[in-house]
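Shown next, in structure tokens, is the structure this report addresses.
Readers should treat all values here as calculations from the given coordinates under stated rules, not as data from a laboratory. Since we're looking at a predicted model, the values are computed, not measured. Cβ coordinates were reconstructed from backbone atoms using ideal geometry, including for glycine residues, and neighbour counts include every protein chain displayed.
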Amino acid sequence: MIHYFMKLKHYGTTKDFPEWTPDWMRIDWGPNSVYDWLVSIAILLGALIVGKLLYKIIGSVVKSFAAKTKTSLDDILVDKLEEPVVYGIVILGFYWGFNRLHFTDSVDNFFAATFMIIFILNVTWLVSRVLDSLVEEYLVPIVEKSESDFDDQLLPIVRKTVTAIIWIMGILIALSNSGFNIGAMIAGLGIGGLALALAAQDTVKNIFGGIMVFLDKPFTIHDRIKVNGMDGFVEEIGVRSTRLRTLEGRLITIPNGQFSDNAVENVTLEPTRKVVNTLGLTYDTTPEQMQKAMQILENIILENPRVTDEPLISFNTWGDFSMGILVIYYIRETDDILVAQSEINLEILKRFNAAGLEFAFPTQTIYKKELQ
């Protein structure tokens, strides 16, 4: 295709000037006449003006007309096609203007190749935006309505993969039509493949980690997980990395390779939430009071509607300054663990104070013996 554009190189370039052309425009300025220079500059400026006007027309007239239709597809298409179409017209105008001029063969070849690359990449950009708009209009609503998390996890990966394939194909087509030997380039990549593999081993590891996350599904979007000291909710699962929103509201990007090297704790999948407390009573507490304290704890936990199953309560510790009671209970998955703990702890404080049971705090007793 590059040879086709080279054949058009001298189209419109002529020494037969219009009759009205003054003598000073017929003078050669470099490899081209002043007339050709002025006409080419006028074409370049005209392309910029047409592109600007078209951008305003699409932004005001076309978009307002599309907004009146029932479907939103035309609104999305107009928004996506606006910039590539305008830039395409400007690119064609620039080519038309430069096509009138003639330099050395090497400069002409370079310009034709550069134009081909820019034009094909602009078309690739247009195709990519159109496909993305179709996905946004038709696939995203279907995925949002479905109850399964599998498609929510799959859709971002498919979108990024399709976009990458389109751009790779566009770049290869642009290079091929611009005179580059794609076969030789691919062969060269094979020679340097070992060095590239060594340099990109972390990236490859993260990609395989993403594949394993996708296949094994240790977690899905919106799950709360703990991995390598990080705790938060999964917002996006990508090919190379996963985005986690921490409990503090910060967004963390985790390479997928960490999920194969570290244990992943899925907090969302736990059937209940375990709470472990140790209450310390003073050594003045009698056996009867200790038994009463354990009974009060059992009654409080069993009466709370947020707790599932019976609690585990045990007098199990002789501490330095207190006698410890171990309390283990489980809160339902659908209930707020902080609210449940607050309710139970407040009730323990009220009933222990009413029963005269004293909580221990760090104390020391010093015995002094006088020397005779």
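With a Förster radius of 56 Å, plug the Cβ-Cβ distance of residue 169 and residue 231 into 1/(1 + (r/R0)^6) and report the FRET value to the nearest 0.05.
Computed FRET efficiency for residue 169 and residue 231: 0.85.
Over the range 298-340, calculate the relative contact order: mean separation of alpha carbon pairs under 8 Å at least 6 apart, over the residue count, as a percent.
Values: 52 pairs, mean separation 15.7, N = 43.
RCO, the range 298-340: 36 percent.
Are any of the pairs 160/226; 160/217; 145/217; 56/145 more than 29 Å apart by Cα-Cα distance, and if so, which?
With Cα atoms farther than 29 Å apart: 56/145.
Would the range 272-354 count as rounded, prolate or oblate if I go by the C-alpha gyration tensor, calling it rounded below 1.5 in a/c and otherwise prolate when a/b exceeds b/c, oblate otherwise?
Prolate, because a/c is 1.5 or more and a/b exceeds b/c.
Projected onto the charge dipole of the range 282-332 (+1 at Lys/Arg Cβ, -1 at Asp/Glu Cβ, origin at the Cα centre), which of 313, 293, 329 gives the Cα projection farthest towards the positive end?
329
Where the centre of each part is set by its Cα atoms, how far does the range 76-99 sit from the range 276-292, in angstrom?
82
About the Cα centre, and with charges only on the beta carbon of Lys, Arg (+1) and Asp, Glu (-1), how big is the dipole of the range 272-354? Nearest 20 debye, please.
60
Per residue of the range 269-282, what does 6.51 cos²θ - 1.76 cosθ + 1.60 with θ = phi - 60° give for ³J(HN,Hα)? Whole Hz please, x for Gly and Pro, Karplus curve as stated.
3J(HN,Hα) across the range 269-282, in whole Hz: 7, 5, x, 9, 10, 7, 10, 10, 10, 10, 9, x, 9, 5.
Would you mind checking the range 267-282 for residues with the amide N under 16 Å from a putative spin-label position 7 Å along Cα→C-beta of residue 321?
Within reach of a label on residue 321: 279-282.
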